[in-house]
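Visitor: Pasting in a structure now, in structure tokens, and then I'll have a few things to ask.
The values are calculated or read from the model by the stated rules, or taken from the named source; none is laboratory data. Here the structure is a predicted model, which means the values were calculated and not measured. Reconstructed Cβ throughout: ideal geometry from the backbone, glycine too, with neighbour counts over all protein chains shown.
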Amino acid sequence: MLGSWVVKVGCFGCFVLVVAGLALLVLAGGAVFLSSSIFGTPEVAPVAFSRSDGYSAQQKLYEIVQRQAGRSSRKDPISLTEAEANAFLSRHLDEGTVPLSPIVVRFKADEFVVQGQTALRNLIQSHPFSWAAPYLPSRYLNRPIWVTVEGRITIAGGGESTGRSADVTLHDFALGRQPISPFFLYALMGPSGGGLFHFRVPGVVESIDVQGGRLVIKTR
């Protein structure tokens, strides 16, 4: 009986610690949300692109589909320029889980840098922050905010017929002009980030790297 009481006390203690941890996380998140610096405009250098850049990007991505279906025998790496990437994403990331408009993509050294503007409420998707969102002033939740992320993409698992997984690992993150730990964005949006941190790619894709200011996609 004494052992049962000890177990109950221990479980209650764990529960209290979890609740306290969540409360601290929410309070920390609230402090970040109410910080005026997160609504500031960071340094953004737009990338010039044309309609032809968007068409070129579509053709290159369609080549991956062709290779996956066995209708293309090409094996050479597929290279996307910054202009092509920006032209394509500017048309395809203005809707969805986290719409970003405008959006700027840069390929720096061996990492990508993405800057985009969205409403703050679009970033709050995971518990416990989603529970707290209804209690935050709507003028904050609906206000546009600049998001800056920097990281890498790795490909793992699966086969050519079943598809593979792409994982985005962030090294830097900022809201407005306020640098924040990337962990905070993972906590806000959940493990998959609404499909932005973890997503499926055709099984023929072997790697996605940044090389010489370009995004290079290698296939099997």
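Visitor: With the structure loaded, tell me whether F112 is among the aromatic types (F, W, Y) and in contact with a Lys or Arg (Cβ under 9 Å, 6 or more places away or on another chain) or whether it fails that test.
Guide: yes
Visitor: Name the residues in segment 114-132 that are crowded, with 17+ Cβ neighbours inside 10 Å, under 20 Å from the mean Cα position of the chain (by Cα) and aliphatic (A, V, I, L, M), would you?
Guide: Within segment 114-132, V114, L120, L123, I124 meet the criteria.
Visitor: Just to be sure I understand, how many residues within segment 168-220 are of a type in the set (A, V, I, L, M, F, W, C), surrounded by 16 or more Cβ atoms within 10 Å (Cβ to Cβ) and outside any strand (DSSP E or B)?
Guide: Summing the residues that are of a type in the set (A, V, I, L, M, F, W, C), surrounded by 16 or more Cβ atoms within 10 Å (Cβ to Cβ) and outside any strand (DSSP E or B) in segment 168-220 gives 8.
Visitor: Look through E43, E84, E95 and report the one residue that is of a type in the set (D, E, K, R), part of a helix (DSSP H, G or I) and either at pLDDT 95 or above or closer than 30 Å to F129 by Cα (or both).
Guide: E84
Visitor: When segment 140-149 is examined, which residues are found to be assigned to a strand (DSSP E or B) and either among the basic types (K, R) or at pLDDT below 75 (or both)?
Guide: none
Visitor: Given the condition within 24 Å of T219 (Cα to Cα), in contact (Cβ under 8 Å) with a residue 40 or more places away in the chain and among the aliphatic types (A, V, I, L, M), answer yes or no: does some residue in segment 128-149 qualify?
Guide: No, segment 128-149 contains no residue that is within 24 Å of T219 (Cα to Cα), in contact (Cβ under 8 Å) with a residue 40 or more places away in the chain and among the aliphatic types (A, V, I, L, M).
Visitor: Regarding segment 150-167, can at least one residue be identified that is over 16 Å from the mean Cα position of the chain (by Cα), in a helix (DSSP H, G or I) and buried (at least 16 other Cβ atoms within 10 Å of the Cβ)?
Guide: no
Visitor: Restricting to segment 98-139, give me the number of residues that are closer than 14 Å to G190 by Cα and in a loop (DSSP other than H, G, I, E, B).
Guide: Number of matching residues: 6.
Visitor: I would also like to ask the following. Out of all the residues in segment 63-93, which are farther than 21 Å from S50 by Cα and touching a strand residue (DSSP E or B) at 6+ places or on another chain (Cβ under 6 Å)?
Guide: Matches in segment 63-93: R67, P77.
Visitor: Then there's this: Going by what's in this entry, would R106 be described as over 28 Å from K218 (Cα atoms), touching a residue at least 24 places away in the same chain (Cβ under 8 Å) and either of a type in the set (K, R) or touching an Asp or Glu at 6+ places or on another chain (Cβ under 7 Å) (or both)?
Guide: no
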